[in-house]
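Read-outs throughout are calculated quantities, based only on the coordinates presented, and are distinct from any laboratory measurement. Please read these numbers as outputs of a predicted model, since none were measured by experiment. So basically every Cβ, Gly included, is an ideal-geometry build from the backbone, and we count neighbours across all protein chains shown.
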Amino acid sequence: MAIPQDTAPEQLPDATSWRDELADVGFVRRLLISRHWYGPDWWFVAISAVMVVGFITLAIIPQVFAPYPYDTLVGPRFLAPGARPDLPVLVVRSDSTAKELRDLAAPANAPRPTVGVLLGVPTAGALNQEAQKIDEQLKNGAEGLRLRPRIERFDTLKATLQALEDGQVEAVVVRQLEYEQIAGQFSGLRQGQPITGDTATAGGFLLGTNEIGQDVFSRLIWGTRIALIIGFSASIVALVLGVPLGLFAGYSSGPVDRLLSLVMDSMYAFPGLILAIAITAVLGPSVLNVIVAIAVLYIPTYYRIVRGQTLAVKEELYVDAARSLGARSMEILRRYIFPNVIPSVAIIFSVNIADAILTGAGLSFLGLGLPPTIADWGIDLARGQRFIQTAWWMITFPGLAIMLVVLAFSMMGEGLTEIFNPKLRER
Amino acid sequence: MPVSPFALIFIVIGVPALLGLTYIFVRGSAGLRRYILTRVALTVPMVFILASLVFFIMRVLPGDPVRSALGPKGSPETIQRIRTQLGLNDPLLVQYGRFLGGVVTFNFGNSLVGGHRPIVDEMSERFPATLELVVPASIVALLIGIYGGAYAASKRKRTMDYALRLYSVIIYSLPIFWLGLMLQLLFGVRLNVLPIAGRIDPVVGTTLKHVTNVYSIDALISGNWPALRSVALHLVLPTATLGLILSGVFVRLTRINVIETIQSDFIAAARARGIRERVLVYVHALKNAMIPVITLIGLQVAILLAGAVLTETVFSWPGMGSYLVERISGRDYTAVQSVITVFALFVALISLAVDIIYSLVDPRVRY
């Protein structure tokens, strides 16, 4: 038969070490030392706090971490994570000094260079365009150089490369990935630079690109901003409205309290997302409207907790004492009751941010909350859903991002609950 | 003529519920009777408040429903004519009275867009679909939640306990629509074993006789096995999505309550009598721990319905949630207002039912 494992008396923390230390150290050291006191919950809060700080940093300066702007078309469409775009690349003989297209430029009276391309592949167009662009710049230069390549077309990639090796053409422009597959067969050739496209993107994209060629990773980083804006603002607005209402209702406990509680309880029982859908549907899409809609949902959460605690604290002896000493209601509320509700409000605030971010993402997934120009995870998921058959990366990563942010805030709330309510600790 | 599904739902669920309520009321103690009366009396203002909230959100906030429904092609005269027809030019109070009357008589008027059908008819096609999703999902959630929670409690502070706690934290942080998309990606696209959209295969669907519009019941009573199989396959992913998301809360609640119960004296006494640990946890402790869990089930209805809206959108499930989203993009304010009111009614009735069941299970709450 199993015997309960946890019957051994709990070991008390070593009273001398951390207590003596606590007396004369600064705030940060105090926080660190308190881990002996709180145990695993301290780590819970610490880890989630680091995550929260990280996300806030991302939200404030996304441009530092994101390789590209969120709305720029930086690459080909539907490029898988880690896959490289198939750019047209310049290939020359190993003994040639040319590295990029510009190096092929020759003096105006010299013979024009011949460049080979493969038939039926759009590399010739890219070559022409790029050469003309370079030529325009060179024309006005002092060196009198021009770049007007003669283009020679071949039937197969092999023939193209063979022509280069035989010296029939000076260089060829072929697709990079196709070239790399058979490059081993030609020992005397060397790959130069891609002739078009940003050379920075030649290595591919960490999390791939979406259906119009935006970088998924950059949009992910930028999306942190709107998620946190919605989470924080909605929770703050709800707190600012809900806490005073709860204090007032709990303290007065008259007919106003009963009416308010009825309204708040009804709202609390109602599915929040659906109420938010109604409000944003009427107000129209904008960040402010989403914040308003979500804030309205969470007022009852604060109201109920604060009211309940006010009712309990009001009966305490020290409140009676203050009243008999002639303290006015405002002062009692402010000095004796309000400090008691702060811990629970802090916990709800943290969990609330998590909830608000989830609700906001749900709204924008439904296409309701935010204007579609904003980089937002919910919008990205809704866009990606249409391409679920081809582009798994478009729906996988934004969802992971939402999960991590929500996890950070709810873990923090969880840890804070355990720390602020020692009675619950053994649960 | 097919029976209106609303009438059918009422007959199937409402009549036994009413009979049961009457029975409890007649046979129960005076305390129980008083409790039930108070609770029913409290439901009325709750529905009233929610309906009013919906009305004022839809009517007082800026925006003209008719203009947005007609779009740019509506001339001012047409807009005025339709507004008068719909009674939108009447004083707000008159409209409010008419709206409340509509809620009581279940007559929400006609939809502003499409075929201008009565909204009740449209909803009676959609509501059974939502029921068909929500009921199995709740069962999945309760099964996982209650057994997972009890198991975690019995393995307290061991690996499986921590694993299940982690499960409930992660489940809480998952966006439900993302979980749906991931399941679609895995089972629908990668493995290609389950359908990812709709309620039934369209070819099989033509053979199904629609009686209740709850397809599984329709297929069962008409003995249409291919249809039943198709319906069941289509149900797997949406049910799993909604059920998994809900199960996290239940794991957590059950675990806490079972742990608390295990520490009480009667369990120690039972243990001293030599009752096996398994029976102790799953029979003695779980039964008592379920009492507080039942009340919390009532509160989870909100999560359930919000989750249903998103799940229906992800899986193109033609229920109330996707109807709501469709009508919002179609700017059909009358329909939106009605759907939200029906949701409010649903929430109020479920929480009423849960509270009454609770008062039966736990005699302590009757005051």
- Query: Helix A:255-269 versus the longest principal axis of chain A: what is the Cα-based angle in degrees, 0 to 90, to the nearest 10?
  - Reply: 40 degrees
- Name the residue, out of A:S94, A:S261, A:S410, whose mean-square fluctuation peaks in a Gaussian network model built on chain A with Cα pairs under 10 Å. A:S94
- Taking Lys and Arg as +1 and Asp and Glu as -1, residues besides A:S252 with C-beta under 12 Å from its C-beta add up to +2
- Within the protein assembly as shown, what percent of beta bridges assigned by DSSP are antiparallel, to the nearest 5? 60 percent
- Message: Averaged over its residues, how many other protein chain Cβ atoms are within 10 Å of peptide B:296-304's Cβ atoms?
- Response: 2
- Sorting A:L247, A:V117, A:A171 by the position of each Cα along the dipole of chain A (Lys, Arg +1; Asp, Glu -1; all at Cβ), the one nearest the positive end of that ordering is A:L247
- Under 15 Å, Cβ to Cβ, from A:T280 - net charge with Lys/Arg +1 and Asp/Glu -1: +1
- Item | Dipole in debye (nearest 20) - the protein assembly as shown, about Cα centre, beta carbon charges: Lys, Arg +1; Asp, Glu -1 | 1740 debye
- Message: Rounded to the nearest 20 debye, what is the charge dipole size of segment A:88-196 about its Cα centre when +1 sits on each Lys and Arg Cβ and -1 on each Asp and Glu Cβ?
- Response: 220 debye
- Item | With Cα atoms, 0 to 90° folded angle of helix A:123-139 axis to chain A main axis | 80 degrees
- Among B:A153, A:Q185, A:L79, which residue has its Cα positioned farthest towards the positive end of the charge dipole of the protein assembly as shown, with +1 placed on the Cβ of Lys and Arg, -1 on the Cβ of Asp and Glu, and the dipole taken about the Cα centre? B:A153
- At a Förster distance of 30 Å, what's the computed FRET efficiency of A:N340 paired with A:R29, Cβ-Cβ distance as r, to 0.05? 0.60
- Message: Rounding to the nearest 10 and keeping the result within 0 to 90°, find how far the Cα-based axis of helix B:15-27 lies from the longest principal axis of chain B.
- Response: 50 degrees
- Message: Along the charge dipole of the protein assembly as shown, pointing to its positive end and built from +1/-1 on Cβ of Lys, Arg, Asp and Glu, which listed residue (B:V283, A:A142, B:S222) has its Cα farthest out?
- Response: B:V283
- Per-residue Cβ neighbour rank within 10 angstrom, fewest leading, B:I267, B:I275: B:I275, B:I267
- Assign unit charges at the C-beta atoms only (+1 for Lys and Arg, -1 for Asp and Glu), then state the dipole size of chain A relative to its Cα centre in Debye, rounded to the nearest 20. 760 debye
